1. Between A:Ser55 and the same site in the other copies, what are the distances in nm, shortest first, taking label points 7 Å from Cα along the C-beta direction?
2. Provide an ascending nm list, one decimal, of label-point separations from A:Asp12 to the equivalent residue in each further copy; define each label point as 7 Å from Cα along Cα→Cβ.
3. For segment A:64-182, state the semi-axes of the equivalent ellipsoid (square roots of 5 times the eigenvalues of the alpha-carbon gyration tensor), sorted largest first and rounded to whole angstrom.
4. Which value, in Å² and to the nearest 10, is the accessible area of B:Phe263 when all protein chains are kept and the probe is 1.4 Å?
5. What whole-number distance in Å separates the alpha-carbon centres of segment B:42-59 and segment B:154-170?
6. Note the distances from A:Glu270 to each other copy's matching label point, with points 7 Å along the Cα-to-beta-carbon direction, in nm, sorted shortest first.
7. Checking the cross-link filter: which aspartates and glutamates have an alpha carbon closer than 14 Å to that of A:Lys81, excluding same-chain neighbours under 8 positions apart?
8. For A:Cys65, enumerate residues with amide H under 5 Å from its amide H, sequence gap 5+ or separate chain, H modeled in the peptide plane.
There are 2 protein chains.
Amino acid sequence: MSTEDTPHKDADERSVGLVSTQYVDLFVPPHSLKVAEGNLLGPVHVAYETYGTLSEKRDNAIFVCHALTGDAHVAGRHSAKDEKTGWWDELIGPGKGLDTNKYFVICANVLGGCQGTTGPMSPKPGTETPYALEFPFVTIGDMVEVHAALVRHLGIERLLGAIGGSLGGMQALEWAARFPDMLRTAVILASGPRLSAQGIAFNAVGRRAIVTDPHFYKGNYYNQDDDPHFGLALARMVAHITYLSEASIEKKFGRRLQHSDQFAYELMRETEFQIESYLHHQGKRFVERFDANSYLYLTRAMDYFDLAKSYGSLPEAFSATQSRFLVTSYTTDWLFPIAQSREIVSALIQARRHVTAVELESPYGHDSFLLEVDQLEEMLKPFLAEAYATK
Amino acid sequence: MSTEDTPHKDADERSVGLVSTQYVDLFVPPHSLKVAEGNLLGPVHVAYETYGTLSEKRDNAIFVCHALTGDAHVAGRHSAKDEKTGWWDELIGPGKGLDTNKYFVICANVLGGCQGTTGPMSPKPGTETPYALEFPFVTIGDMVEVHAALVRHLGIERLLGAIGGSLGGMQALEWAARFPDMLRTAVILASGPRLSAQGIAFNAVGRRAIVTDPHFYKGNYYNQDDDPHFGLALARMVAHITYLSEASIEKKFGRRLQHSDQFAYELMRETEFQIESYLHHQGKRFVERFDANSYLYLTRAMDYFDLAKSYGSLPEAFSATQSRFLVTSYTTDWLFPIAQSREIVSALIQARRHVTAVELESPYGHDSFLLEVDQLEEMLKPFLAEAYATK
């Protein structure tokens with residue numbers, strides 16, 4: 001348990017308070033992890049956080065799968081000075097949707113990431129040189145394999161649930177398919193059994209921006225004077241557009257100008273419209289916290305994810321799972337449209353699995369899964385309580 | 001008339017045959033064009049083509065306004081060896097939607113463009129140095145001003161019509177508002193009275209890709225060893241996604257692989273999926289024919305276009321026009337959604353103007369206006385014939 005016993009003065013009663021990231025080495029050679037194409041990877045350093053208390057029966061653990069650019073720090077603060085809480089703090093804490101009075105919540109950075117878990121910026125074993133592009137290709141299956149090893153390392157045989165949105169939802173699906181005996185519920189938000197061709201297209205643009213940045217240096221930018229921050233920022237800008245709905249951009253920014261009511265007619269002013277200023281800001285902030293090589297690996301893993309292809313068909317992917325599913329989609333999400341969720345639900349029904357499907361009205365596009373926390377909490381509490389009560 | 005009298009052996013009966021681009025200098029100082037912010041520009045070299053014959057009454061001329069990356073070469077072939085015809089050849093020719101047996105069709109490259117009309121790659125007057133970023137900022141109003149001067153130069157007081165899709169539709173709207181006495185019909189396809197915030201966002205990403213390309217050289221790349229072709233290709237790739245519907249990308253490419261049925265799991269293979277290969281190809285082809293500075297100027301002009309802001313309100317913009325309008329939108333167009341066209345139609349009704357509104361079912365997204373030629377022809381023929389008959 002990483003929550004401190006004395007509540008922090010800033011923390012309200014519903015916060016997990018001060019927390020810290022923990023680390024463990026798994027897959028230490030000769031027990032290396034076999035990843036895509038048969039490459040061996042080990043040791044795998046894993047960054048994770050936990051909140052709440054594991055029950056004596058070890059039956060109350062819920063694994064939070066983060067999305068593309070998330071990390072293990074999902075709730076609370078690392079220090080009293082932190083202005084920001086973890087990325088899904090609204091959902092996780094005493095009395096919240098993932099109630100830490102009741103459940104033991106785990107979140108870990110994904111394999112291939114850059115927030116503490118082994119990825120392309122990690123040093124190659126026995127050296128101080130980062131892997132860079134020598135890092136082996138990893139799939140979402142490999143990411144889940146690492147997280148399953150972490151869960152076992154924590155002494156847990158079976159999770160009460162895995163929950164995630166977007167790439168996190170893909171991981172939760174993979175959990176259910178790959179470890180049918182380890183999972184009692186799966187909560188899939190704003191996700192799908194595969195990325196659409198349009199989604200692949202946007203990822204391709206983002207990666208292209210990174211690899212054509214002259215400071216990419218074929219991935220070996222770690223010891224250079226500069227890194228591909230222009231390319232990475234551009235990748236983030238284009239991705240960010242896909243996270244918002246047209247209506248939400250229109251409402252939040254519309255055609256409002258940043259500096260004046262009058263058009264400046266200055267070609268090179270990149271912040272004339274508020275939406276431009278916002279996107280540039282998002283790009284700049286992103287490069288401060290994310291590694292360009294990780295972005296390449298993780299978006300590619302997302303492109304490749306294809307549950308039906310991996311398991312023969314979608315119903316086959318779900319044939320062994322004992323999980324109850326909660327599948328939630330959002331009306332204005334165009335990165336993972338409702339049809340994607342319907343396909344999951346349909347396959348679950350074909351496989352005669354237990355599924356609750358919810359299509360939520362929300363104006364916020366793909367980001368809805370992060371923003372519509374109240375609605376999510378309302379569904380999640382009874383869904384988890386019922387599963388928890390059903391032994 | 002630029003159509004040759006002897007039909008080319010390859011040209012079928014419905015082709016305008018061999019054509020050639022013509023050029024004229026307008027706004028020769030001291031009669032320079034006053035553009036945005038009061039800057040003076042002149043002379044303005046204009047590239048244009050015409051098809052069909054101007055009637056004795058000079059009342060059968062139709063002006064085709066091209067979209068962002070179009071040019072004056074809209075129909076026929078420049079030489080017998082040309083594999084490709086003009087960009088809207090399906091619509092223009094004897095017996096076609098814009099029937100050159102009946103109408104005199106004009107198309108000209110826009111101001112700020114790079115296909116023969118004065119733009120940032122043109123030499124500054126009296127020098128051999130291209131304007132580059134010293135080219136003054138130009139608006140869609142300025143583009144139409146140049147085209148109106150061309151029309152007058154051709155001895156035409158009043159056009160039977162102006163027709164265009166996307167940025168071309170914006171020009172046709174501006175024609176109607178700016179030159180109410182010069183226009184008898186306006187055909188607006190897949191367009192709007194302004195670009196959405198989402199559209200501005202995508203344009204911002206494209207421009208950012210260009211200006212952060214190390215070979216941009218602050219716009220002075222014309223005499224350098226290299227130019228910002230990576231950035232320009234990237235801009236095209238992202239824009240191209242917005243031209244297609246999700247359904248059309250899914251149908252045309254889906255998740256099919258380019259080289260094999262098996263995933264290669266190679267991080268740096270940029271053409272694993274067919275959609276990637278297609279986008280990269282589009283990017284590469286585009287840089288062979290387009291100038292990066294022009295792309296900056298024209299997308300910015302598109303961002304700024306705001307008919308309501310320029311004329312007080314949309315109904316006011318249409319208050320003086322005598323034009324009949326045909327406003328067509330397409331169900332899967334998400335760059336200019338149907339709501340944008342409805343706003344034009346609503347304003348025209350408020351201004352008590354003559355309007356025909358059509359919302360077409362099409363799977364092709366924004367590109368529908370170029371692809372759904374049969375449907376367009378079916379509407380266009382009676383619409384133009386009626387207006388032509390009504391003196």
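The values are calculated or read from the model by the stated rules, or taken from the named source; none is laboratory data. Keep in mind that this is a model prediction, so the values were computed, not measured. So basically every Cβ, Gly included, is an ideal-geometry build from the backbone, and we count neighbours across all protein chains shown. These accessible areas exclude ligands, DNA and RNA; they are computed on the full protein's heavy atoms, side chains included. Shrake-Rupley method; radii C 1.70, N 1.55, O 1.52, S 1.80 Å.
1. 8.5
2. Ordered by distance, the counterparts are at 7.0 nm.
3. Taking √(5λ) for each eigenvalue gives 25, 20, 13 Å, largest first.
4. Result for B:Phe263: roughly 30 Å² accessible.
5. Comparing the Cα centres of segment B:42-59 and segment B:154-170, I get a distance of 11 Å.
6. The answer, with the shortest distance listed first, is 2.0 nm.
7. A:Asp10
8. A:Ile163, A:Gly164
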